[in-house]
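Student: Structure provided below as structure tokens; questions to follow.
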Amino acid sequence: MDAAIKFKDLQWRYEHRTNFALKGINLEIIKNDFIGVVGANEHGKTTLVSAICGLIPHSYNGIYKGSVEVFGKKVFDSDALELATNVGFVFSDPEAQFTAMTVEEELAFGLENMGFEHAKIKERIDWAAETTLIQDLLDKSPYDISGGQKQRVAIACVLAMNPPIIIMDEPTSMIDPLGKNLIFDILRRLKKAGEHTLIVVEHNVEQLAPLADKMLLMYEGLVDRYLPTREFYSDSNYLQDRGVLAPESTEFVQWLISEKALPASINLPLDLAGGIETTRQALKRR
Ligand SMILES: Nc1ncnc2c1ncn2[C@@H]1O[C@H](COP(=O)(O)OP(=O)(O)OP(=O)(O)O)[C@@H](O)[C@H]1O
Ligand SMILES: [Mg+2]
């Protein structure tokens, strides 16, 4: 299978820091996989994804050893346009990426830089605005809207560019529960279309885990665990020791297994519907 992203022993230390934030990352992300990234605060999640979109090393000073390749080309040697074409990045603080006076200009900015024609730009903006439900915000200033609206605008900016790799760093941190559902609906649709490599850093594992093909745990600047989602959650004690929780339904079924109420061989659920189904079938068999 084609790798979209390859890390080869990447080490990175931010300027003025004594410790390396990334301590030798070796990692391959397969094209069109959906990767969920978890880990406690300060363990290197944002730094890891910044090394894919090129913020590291191009926008930060520091010490860089090893390499990251995106579609076979080293990020270190890629220019801003190449990187923007391949990788879209939604920041956890959406304001950090705004530069324009209106949301519509914000959406158009990247497309204009890439030399798209006016009609194509309009088509892309309409599609991205419709997908993220921000049509009524287009003439507003991106600074004068709510935190949740800002996050949706930031996602729309990336969708408008339609890069093959989309990274979101805690995209729902400012959003109320219904707004969070909307973001996960967008992710679900993108996953179903199967045309993007999606990398999502998110603490909300209840919604993230059922969507992710693989989960990645960052711990002390290293990829500590990178496995297909069910396998990743097969040992919740291990994860808990590293400050990470499993979905509640997964933990509940693991508890039933430990109490010998369910056989260890059953498929672990990742959400409530799966938990109910797994338990129902196991009980029926008894
Ligand atoms: N711009 C920066 N300059 C210097 N050090 C930084 C910078 N950004 C992050 N660090 C340091 O790098 C390490 C990893 O931070 P990082 O932001 O990648 O963690 P994180 O897992 O994303 O945390 P969080 O869950 O809080 O977002 C931390 O020790 C942090 O203090
Ligand atoms: Mg972070």
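The values are calculated or read from the model by the stated rules, or taken from the named source; none is laboratory data. Please read these numbers as outputs of a predicted model, since none were measured by experiment. Cβ sites come from the backbone with ideal geometry, for glycine too, and all protein chains shown count toward neighbours.
Student: N32 fails exactly one of the following numbered conditions: (1) more than 24 Å from A193 (Cβ to Cβ); (2) assigned to a loop (DSSP other than H, G, I, E, B); (3) more than 16 Å from ligand 2 (Cβ to nearest atom). What is the number of that condition?
Tutor: Looking at each condition in turn, N32 falls short on (1).
Student: Also, I was wondering about something else. Can you list residue pairs whose Cβ atoms sit under 7 Å apart, with the first residue in the range 261-286 being in the same structural domain as Y233 (by TED's automatic domain parsing) and more than 25 Å from K214 (Cα to Cα) and the second being hydrophobic (A, V, I, L, M, F, W, C) and crowded, with 17+ Cβ neighbours inside 10 Å? Count only pairs 6 or more apart in sequence or on different chains.
Tutor: none
Student: Which pairs have Cβ atoms under 6 Å, sit 6 or more apart or on different chains, and link a residue in the range 122-139 that is closer than 10 Å to A156 by Cβ to one that is modelled with pLDDT of 95 or more and surrounded by fewer than 18 Cβ atoms within 10 Å (Cβ to Cβ)?
Tutor: Every condition considered, the pairs that remain are A129/Q135.
Student: Additional query: Surrounded by fewer than 22 Cβ atoms within 10 Å (Cβ to Cβ) and either closer than 30 Å to I165 by Cβ or within 19 Å of the chain's Cα centre (by Cα) (or both): which single residue out of E202, E277, E220 fits that description?
Tutor: Values: E202 fails: surrounded by fewer than 22 Cβ atoms within 10 Å (Cβ to Cβ); E277 fails: either closer than 30 Å to I165 by Cβ or within 19 Å of the chain's Cα centre (by Cα) (or both).
Being surrounded by fewer than 22 Cβ atoms within 10 Å (Cβ to Cβ) and either closer than 30 Å to I165 by Cβ or within 19 Å of the chain's Cα centre (by Cα) (or both) holds for just one of E202, E277, E220, which is E220.
Student: Given the structure, is G24 closer than 25 Å to M114 by Cβ and more than 16 Å from ligand 2 (Cβ to nearest atom)? Let's see the steps before the verdict.
Tutor: Details: closer than 25 Å to M114 by Cβ: no; more than 16 Å from ligand 2 (Cβ to nearest atom): yes.
Here the answer is no, as G24 does not meet what is asked.
This table checks each residue for (1) outside the structural domain of N204 (by TED's automatic domain parsing); (2) out of contact with any helix residue (DSSP H, G or I) (no Cβ under 6 Å at 6 or more places or on another chain); (3) assigned to a helix (DSSP H, G or I).
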{"site": "S67", "(1), (2), (3)": "no, yes, no"}
{"site": "L83", "(1), (2), (3)": "no, yes, yes"}
{"site": "I121", "(1), (2), (3)": "yes, no, yes"}
{"site": "L133", "(1), (2), (3)": "yes, yes, no"}
{"site": "P142", "(1), (2), (3)": "yes, no, no"}
{"site": "G148", "(1), (2), (3)": "yes, no, yes"}
{"site": "N181", "(1), (2), (3)": "no, yes, yes"}
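Student: Something else about it: Take A80 and tell me if it is modelled with pLDDT under 95 and either under 20 Å from the mean Cα position of the chain (by Cα) or within 15 Å of ligand 1 (Cβ to nearest atom) (or both). Let's see the steps before the verdict.
Tutor: On the way: modelled with pLDDT under 95: yes; either under 20 Å from the mean Cα position of the chain (by Cα) or within 15 Å of ligand 1 (Cβ to nearest atom) (or both): no.
Taking the combined requirement at face value, the residue does not satisfy it.
Student: Okay, next question. Restricting to the range 5-46, give me the number of residues that are without any contact (Cβ under 8 Å) to a residue 40 or more places away in the chain and either outside the structural domain of Y226 (by TED's automatic domain parsing) or over 27 Å from R230 (Cβ atoms) (or both).
Tutor: Residues flagged as without any contact (Cβ under 8 Å) to a residue 40 or more places away in the chain and either outside the structural domain of Y226 (by TED's automatic domain parsing) or over 27 Å from R230 (Cβ atoms) (or both) within the range 5-46 amount to 3.
Student: Something else: On the given criteria, is V68 of a type in the set (V, I, T) and touching a Cys at 6+ places or on another chain (Cβ under 7 Å)?
Tutor: Numbers: of a type in the set (V, I, T): yes; touching a Cys at 6+ places or on another chain (Cβ under 7 Å): no.
Considered against the rule, which asks whether it is of a type in the set (V, I, T) and touching a Cys at 6+ places or on another chain (Cβ under 7 Å), V68 comes out as no.
Student: Those residues that are closer than 24 Å to F184 by Cα and not in a helix (DSSP H, G or I), I need them from the range 232-280; list them, please.
Tutor: Y233, S234, G243, V244, L245, A246, P247, N267, L268, P269, L270, D271
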